[in-house]
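The values are calculated or read from the model by the stated rules, or taken from the named source; none is laboratory data. What you see is a predicted model, and the numbers here were worked out from it, not measured in a lab. Here Cβ is always computed from backbone atoms with ideal geometry, including for glycine, and neighbour counts include all displayed protein chains. Heads up: the accessible areas ignore ligands, DNA and RNA and are worked out on the full protein's heavy atoms, side chains in. Shrake-Rupley method; radii C 1.70, N 1.55, O 1.52, S 1.80 Å.
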Amino acid sequence: MAVLAGAEPFAHTGSTEAGFLLCHGFTGTPASMRPWGDHLAEAGYTVRCPLLPGHGTRWQDMNRTGWEDWYGTVREELLALFSTCDSVFVAGMSMGGTLTLRLAEEFGDRIAGIVLVNPSVLTLRWDAKLLPVLSRILPSVPGVANDIAKPGEKELAYSRTPVRAAASLAKLWKLTRADLAKVTQPVLLLHSAVDHIVEPVNSQVILDGIGSDDVTEVVLENSFHVATQDNDAGLIFTRTVDFARSVRRAGQVDAG
């Protein structure tokens with residue numbers, strides 16, 4: 001299937017000193033990451049943001065993919081960044097945050113630091129327990145896109161949630177939660193005060209579970225779930241650059 005206009009992956013070749021891998025969310029596209037990526041590119045960073053398999057075409061395609069496919073794609077991009085940049089950061093929103101955590105768990109201090117925006121590792125929805133059964137009989141349910149406070153802003157994402165893919169995401173959540181203590185890198189976690197998609201308990205579970213000593217938490221007061229396209233987008237972008245610079249300065253001091 002042809003990729004929807006605006007949903008294409010993007011990359012920027014900047015400094016070989018530091019790069020960022022950006023991971024978009026479940027049923028979303030790199031479009032939600034592009035303003036963030038543009039800001040990082042303007043700050044001189046090398047940036048890569050892949051389109052996850054099954055995304056950016058039609059929702060039916062997602063039901064033919066699973067978390068291993070999505071993770072395999074970001075993992076491949078991360079390895080490419082390792083080969084070109086001295087320091088590599090990973091950042092993600094929603095399920096992109098889940099993938100970011102999973103990469104941090106696998107690669108340890110090879111990743112300089114991670115940035116999480118409204119990351120997900122679980123859901124309190126009662127019907128989520130039925131996903132393994134529902135995925136066999138129900139192709140899709142209403143979507144979760146466009147949870148944005150800013151008037152006129154629209155997320156490029158599916159209008160339906162593919163149930164089989166959602167069941168696979170639940171498996172990724174379970175694996176990621178079990179290994180949170182393996183996350184030891186510096187962490188910048190930004191989460192919205194009001195999020196209609198990812199419950200606040202997600203950020204608390206992450207903060208309680210990770211093994212990092214250097215953790216910064218920022219509450220986004222004026223945005224809903226898709227915060228990179230919302231009123232606090234500028235805050236996310238500037239705090240990300242400040243975070244990366246701080247981590248790199250600390251690393252240079254330690255090395256010295």
- Most fluctuating residue of Thr73, Thr228, Thr240 in a GNM of the chain with Cα springs under 10 Å: which is it? Thr73
- Message: Quick query: amide H of Phe10 versus all other amide H atoms, modeled in the peptide plane; which residues come in under 5 Å with a sequence gap of 5 or more or a different chain?
- Response: Cys49
- Task: Run the 1.4 Å probe and let me know the accessible area of Met1, rounded to the nearest 10 Å².
- Result: 150
- Item | Note, ³J(HN,Hα) from phi for the stretch 41-56, Karplus 6.51, -1.76, 1.60, rounded to Hz, x at Gly and Pro | 5, 5, 7, x, 7, 6, 9, 9, 9, x, 8, 5, x, x, 9, x
- Other residues with Cβ under 12 Å from the Cβ of Pro53 give, with Lys and Arg +1 and Asp and Glu -1, a net charge of -3
- Task: Just read off the accessible area of Lys154 with the full protein assembly in place, 1.4 Å probe, to the nearest 10 Å².
- Result: 150
- Can you tell which of Pro30, Pro50, Pro142 shows the greatest fluctuation in a Gaussian network model of the chain with Cα springs below 10 Å? Pro142
- For Glu105, the net charge from surrounding residues (Cβ-Cβ under 9 Å; K, R +1; D, E -1) works out to 0
- Query: Amide H neighbours of Ala149 under 5 Å, counting only residues 5+ apart in sequence or on other chains, H built in-plane at 1.01 Å?
  - Reply: Phe224, Asn231
- Any chance you could give the angle, 0 to 90 degrees and rounded to 10, that helix 67-82 forms with the longest Cα principal axis of the chain? 20
- Under 14 Å from the Cβ of Thr84, count the other residues' Cβ atoms, weight Lys and Arg +1, Asp and Glu -1, and hand me the total. -2
- Query: Each residue of the stretch 193-208 in turn: what ³J(HN,Hα) in whole Hz from Karplus with 6.51, -1.76, 1.60 and θ = phi - 60°, glycine and Pro shown as x?
  - Reply: 5, 10, 9, 8, 10, 10, 5, x, 4, 4, 5, 5, 4, 5, 4, 6
- Item | Helical mean residue ellipticity (222 nm; -39500 (n - 2.57) per DSSP H run of 4+; nearest 500) of the chain | -12000 deg cm²/dmol
- Once you treat every alpha carbon in the chain as an equal point and sum by Debye, what is log10 I(q)/I(0) at q = 0.16 Å⁻¹? -1.18
- Task: In a Gaussian network model over the chain where Cα atoms closer than 10 Å are linked, find which of Gly56, Gly211, Gly92 has the largest mean-square fluctuation.
- Result: Gly211
- Query: Using modelled backbone amide H atoms (1.01 Å from N, in-plane), which distant-in-sequence or interchain residues come within less than 5 Å of Thr161's amide H?
  - Reply: Val141, Gly143
- Between the modelled labels at Ala80 and Arg58 (7 Å from Cα along Cα→Cβ) the distance in nm is 2.7
- Query: Label 7 Å along Cα→Cβ of His196; the stretch 50-78 residues with amide nitrogen under 15 Å?
  - Reply: none
